[in-house]
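The values are calculated or read from the model by the stated rules, or taken from the named source; none is laboratory data. Everything numeric here is computed off the predicted structure, so don't read it as measured data. Backbone-built Cβ (ideal geometry, glycine too); neighbour counts: all protein chains shown. The protein model used for the area step is the full one, side chains on, heavy atoms only, and it has no ligands, DNA or RNA in it. Shrake-Rupley method; radii C 1.70, N 1.55, O 1.52, S 1.80 Å.
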Amino acid sequence: MKQVIIVAKSDNNVIGSGGELPWSLPADLAFFRQQIEGCYLLSGRRSYESEQGKEIFLGKDFVLITHQKGYRAKGGKIAHSIEAGIAMAQKDGAQRLCILGGAEIYRQTINTVDELVVTEVHATLEGDAFFPAIDSTIWQEAQREDHQKDADNPYDYSFVWYQRRDGVNG
Ligand SMILES: NC(=O)c1ccc[n+]([C@@H]2O[C@H](COP(=O)([O-])OP(=O)(O)OC[C@H]3O[C@@H](n4cnc5c(N)ncnc54)[C@H](OP(=O)(O)O)[C@@H]3O)[C@@H](O)[C@H]2O)c1
C-alpha cells in the first residue's frame, strides 16, 4: 500500500489558521479532489471537524485518528494511533492511503510516507499550523506544474510531486 501525504502550504509552510485553511483557492480544491480519487483517506480529528473537512469524506473509505474513546465518524473508522489507522487501511485492502493532515498528523507521518503531493501557495501568510520543512536530501522533486493567480485564485500556486529518494528514511 502506497502512503501519500496531500498538503497545501504557503511559502512559509503555513497550512492552517484558527482551525481552518488560511486561503480560498478553488483550483487547489479541484486538484485535491482529483488527487484523493480512489484513495483510502486518513485524517486527524481536528481537520475532520474543520469547515473544509465536512464533505471531503462523504462516500469515501476513511479512518479518523483520535485519542477519544467512543468517538464516531459517520461512514468511517476510528483508530487511536496512526499505526492502527494505517493497519486498518491495509486490512481493508487499500492500494493507496492519502494522509490529509493536519499538522500533528503530517509531523508524525512525513518520515515514513512514500510520496508527497504538495500545493505550494506562493505567499507568506500568518497561521498557527505548519508543515515540516521538506528536506531535499530525502525528497526528490519528480514533477511540478506552475499556475498564475486569476480572478478566482488570489495567489500564484504550484502543484509539486515528491518521491522519497531510494533507501532514504527519516
Ligand atoms: N493546508 C492543508 O493541506 C491542510 C490539510 C489538513 C489540515 N489543515 C489545517 O491544519 C489544522 C489542523 O491541524 P492540527 O495539527 O491542529 O490537527 P490534526 O492533525 O488535524 O488533528 C489533531 C488531532 O488528531 C488526533 N491525534 C493526532 N495524533 C494522534 C495520535 N498519535 N494518536 C491518537 N490521536 C492523535 C488528536 O485528536 P483528539 O484531540 O481527538 O485526541 C489530535 O488532537 C487546521 O487549521 C486545518 O485547516 C491544512
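Give me the angle, in degrees from 0 to 90, between the Cα long axis of helix 26-36 and the longest principal axis of the Cα atoms of the chain, rounded to the nearest 10. For helix 26-36, the angle is close to 40 degrees.
Sum -39500 (n - 2.57) across every DSSP H segment of at least 4 residues in the chain, then divide by the residue count to get the 222 nm mean residue ellipticity, nearest 500.
So the calculated ellipticity at 222 nm is -5500 deg cm²/dmol.
Accessible area of Thr112 (1.4 Å probe, protein heavy atoms only, ligands and nucleic acids ignored): about 90 Å². Between the helical axis of 82-91 and the longest alpha-carbon principal axis of the chain there is an angle of about 70 degrees.
In a solvent-free Debye calculation with one equal scatterer on each Cα, what is log10 I(q)/I(0) for the range 2-164 at q = 0.09, 0.17 Å⁻¹, listed in the order of the q values? Each listed q maps to, in turn, -0.28, -1.03. Residues His67, His80 ordered from highest to lowest accessible area at a 1.4 Å probe: His67, His80. Among Lys74, Lys69, Lys60, the sequence by solvent-accessible area, most first, with a 1.4 Å probe is Lys74, Lys69, Lys60. Along the axis of the charge dipole computed for the range 20-170 (Cβ charges of +1 for Lys and Arg, -1 for Asp and Glu, origin at the Cα centre), the listed residues Tyr71, Leu25, Ser50 are led at the positive end by Tyr71.
Distance distribution P(r), the range 22-84, all Cα-Cα pairs, bin width 5 angstrom from 0: 4, 16, 27, 24, 16, 9, 4, 0 percent.
Taking the Cβ of Ser158 as the centre, find all other residues whose Cβ is under 13 Å away and add up their charges (Lys, Arg: +1; Asp, Glu: -1). Net of charged neighbours comes to -4. For the chain, the Cβ-based charge dipole about the Cα centre amounts to some 900 debye (Lys, Arg positive; Asp, Glu negative; other atoms uncharged).
Per-peptide packing, taken as the mean over residues of other Cβ atoms within 10 Å, places 150-162, 39-51 in the sequence 39-51, 150-162 from highest down.
Using the Cβ of Asp11 as centre and a radius below 13 Å, the other residues enclosed give a net charge of -2, where K and R count +1 and D and E count -1. Summing charges over neighbours of Asn111, with a neighbour being any other residue whose Cβ is under 15 Å away from its Cβ, gives -2 when K and R count +1 and D and E count -1. Cross-link partners for Lys149 among the lysines, with Cα-Cα distance under 21 Å and sequence neighbours closer than 8 places in the same chain left out: Lys9. Stretched out straight at 0.36 nm per residue, the stretch from Arg107 to Glu51 would grow longer than its current Cα-Cα span by 18.0 nm.
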